[in-house]
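See below for the structure under consideration.
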Amino acid sequence: MSEFERQLVRALERREPPAGFTSRVLAAASQQPAPSRGQSWRWAFVLRAAPVMAALLVVAGGALYQNYERIERGEAAKQQLLLAVKIAGAKLYDAQQRVVSIGAIRGAGTEEEQ
Amino acid sequence: MKKLLIFGLAAAFVLPAWALDNNIKMPVNLDRLAARATESVDVTLDASMLELASKFLSQDDPDQAHVKKLVSKLKGVYVRSFEFDKEGQYSMSDVESLRRQLKAPEWSRIVGVRSLKGENSEVYLQKNGSKIGGLFVIAAEPKELTIVHIDGPIDPEELSQLGGHMGIPKIGVKHESAKSAGKDQE
Amino acid sequence: MAISATQKGIAEVRSDAAPPFADVVEIHKSMVFSIAWHFLRDRALSEELAQDVFLELHRHWAAMKSSEHIVFWLRKVTCNRCIDVVRRRKLRRETSLEESPEPAMLERVQDPLLSAYLQRMVASLPEKQRLLVVLRYQEGMEPEEIARMLNMNASTVKTQISRALELLRAKTAQRLKTQREAEA
């Protein structure tokens, strides 16, 4: 990143919204219907629209499923990556720790000889 | 853990177990160790999977952002790790074929530590001109064997910067074990 | 042993269920507000927009899959709302940066902070370039991520960001030169 880009990063630092923002949002949200998977259904409308909706769902469902699958694969890959990095970091640490401890022993031995 | 194992095993079916990346061939006999292990980890992430995983790393999380930067140029990350309930479940000959592949001039061993307690650590770096082209770690303990291969330009220092985060101890912090390591020798 | 500790840590790493809505607002309010602020340069409007975004998130809460999904969703919806606001209310005549006049002499002398100047210059970029610059340099998103979120071509994103940077650099260089002359 160039120095100019770093200046841009500094200029575009995040800033806090006005005080009390969260409580205002929560207050407004409490006025909305509670988020839920179920809504009040208009059964008559649903019955009329069912064949069309079924056809649309078949088409859209395929695309949605592919996207869902991709998200699942991506999340799983991410977890694997994080695990691999943790293990690699831990093993490097162990190796370094052993080198350090050997150095400490040899250093102590040298001092005793002197 | 089961999901990870299933994912890892599925990945292993897709690719032959003996040719998981361009350079290093994992020994087929490592797969037998999984059957004897109480816990095993099998991570196989080639360049495309790394790219996909990276997209799901959060920029808001400093550790994940650091990992994202770390893996941005990698070609693959491979981990095999086995934990056993008793000693003697594997032998170093299981990894000997790996060691034979990690030879000069391409690879150089930068750490080789053996202890009387049977805890062995080896770290190899792959040279790519004047830069590092890969990292290989073999960590063998009486009841545990771990092999890590990171294919691509990796800075071990950057990896060690994760120390203190993600459950990885911070390198450089003194531990009591250093004092009691008097019986250890190379 | 470290690996056992690592494996125990799997539970932490994998435990990524969406946090409570109130926490999400608290965690991400500065992200949403700042995207709006750097785009609109109107504090009251930015707060209103940010609040609307979170209320919409509240309505779609059941569809959220993970923390990462929430961040993706918030950024995308905030960007869309920003564009909508500008187009609907026609806050400012859209001028290209080349056309935007130099700040007045007095302002230059009294405003030594390059950051404030850069913020104003970013806000005068064309809508799309403005969004891309904010997402790239405020949010630290990679061009490929931005492209995925805005359904754009990745190379187009990179080109647009490069062009915006060129314009900003040119204006900043001119501004610094003028300031030195004013101080001399």
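The values are calculated or read from the model by the stated rules, or taken from the named source; none is laboratory data. Computed from a predicted model, the values in this text were never measured in an experiment. In this analysis, Cβ positions are derived from the backbone assuming ideal geometry, glycine residues included, and neighbour counts consider all displayed protein chains.
Points to keep in mind about this one:
- Filter pass, A:A88 being aliphatic (A, V, I, L, M) and modelled with pLDDT of 75 or more: yes
- Entry remark, region A:17-32: residues being at the interface with another protein chain (Cβ under 7 Å from one of its Cβ atoms) and modelled with pLDDT of 90 or more number 9 in total.
- Residue match in region B:47-69 (condition: within 17 Å of B:G134 (Cα to Cα), in contact (Cβ under 8 Å) with a residue 40 or more places away in the chain, among the charged types (D, E, K, R) and touching a helix residue (DSSP H, G or I) at 6+ places or on another chain (Cβ under 6 Å)): no
- Just one residue in the set C:A154, C:A182, C:A147 is farther than 22 Å from B:K55 by Cβ and surrounded by 11 or more Cβ atoms within 10 Å (Cβ to Cβ); that residue is C:A182.
- Some residue of region B:26-44 being closer than 30 Å to A:E13 by Cα and at pLDDT below 85: no
- Boolean, C:Q160 is closer than 19 Å to C:I70 by Cα and out of contact with any strand residue (DSSP E or B) (no Cβ under 6 Å at 6 or more places or on another chain): no
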